[in-house]
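In what follows, a structure is listed as structure tokens, so that the remarks can point back to it.
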Amino acid sequence: MAVGGNTAYADITDLPPLVSAAVELAASRSFDYSCDPAQGRLLSVLAGGCVGGRIGETGTGCGVGLAWMLDATDESTSIVSVELDPGRAAASAALFGGQSNVRVLAGNWTELREHGPFDLLILDGGGKGKEPEDDPPLDPTEGWLAVGGTIVLDDFIPFNRPGASAHDHARRYWLGHPALQATELRLSPTLATLVGVRVR
């Protein structure tokens, strides 16, 4: 979830309808931590390669990232997202109530694992251990990610930008994980996402 993420959609007019609805939901709840539009487009591309598979997401928020993924998939794709805040979870569940292949759960991010392993796993609301006070990073091999599956970790500062060192521990963990082939993608001068594929 990016600070100012929802505000970033203000001048974008060509959004998919479901994404627009999620952005409006977030605005109505004064929630400005939706995924950045560039991150949303990346999620759409990755989800499009996962049609018929299983997608998991920590940190539903008001469903903007989830909407980007739904727009790129079909009913053969199972999507489970978990949100810690009960109000946001309920609002997002209502927004996607007509999507039979989507479940939005209210709970801690750790509860998502029982629905895995996933072919695409988005760690937004927990599990990536990006900040020193966060939970330690999860191990994708422990029931989270299927072999050949893709893991996505957003909201990193690009490695050579001011402030990037605050995330170095998590960056080293994910880029050096022995079960992953991972890289950092720069989405803007100030925003990067780590993407990895489980190779064993």
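Miscellaneous remarks
- Residue list for segment 113-147, restricted to those being of a type outside the set (V, I, T) and under 20 Å from G40 (Cβ atoms): F118, D119, L120, L121, L123, D124, G125, G126, G127, K128, K130
- Any hit, segment 7-15, residues being touching a strand residue (DSSP E or B) at 6+ places or on another chain (Cβ under 7 Å) and either modelled with pLDDT under 95 or under 15 Å from V104 (Cβ atoms) (or both): no
- Filtering segment 154-198 to residues that are touching a residue at least 40 places away in the same chain (Cβ under 8 Å) and touching a Gly at 6+ places or on another chain (Cβ under 8 Å) leaves H169, A170, Y173, W174, L180, V197, R198.
- Within this structure, P136 passes the test of being of a type outside the set (S, T, N, Q), in a loop (DSSP other than H, G, I, E, B) and without any contact (Cβ under 8 Å) to a residue 12 or more places away in the chain.
- Of the candidates G56, G61, G65, the single residue that is crowded, with 16+ Cβ neighbours inside 10 Å, touching a Cys at 6+ places or on another chain (Cβ under 6 Å) and modelled with pLDDT of 95 or more is G65.
- Criterion: free of Cβ contacts under 8 Å to residues at least 60 places away in the same chain, crowded, with 22+ Cβ neighbours inside 10 Å and aliphatic (A, V, I, L, M) - qualifying residue of V51, V104: V104
- Residues in segment 132-164 that are surrounded by 12 or more Cβ atoms within 10 Å (Cβ to Cβ) and among the acidic types (D, E): D134, D135, D139, D154, D155.
- Checked against (1) crowded, with 20+ Cβ neighbours inside 10 Å; (2) in contact with a Leu (Cβ under 8 Å, 6 or more places away or on another chain), A38 passes all but condition (1).
- Residues being over 17 Å from the mean Cα position of the chain (by Cα) and of a type in the set (A, V, I, L, M) - total across segment 150-200: 6
The values are calculated or read from the model by the stated rules, or taken from the named source; none is laboratory data. Treat the numbers as computed from the prediction; the structure is a model and nothing was measured. Heads up, the Cβs are rebuilt from the backbone with ideal geometry, glycines too, and the neighbour counts pull from every protein chain shown.
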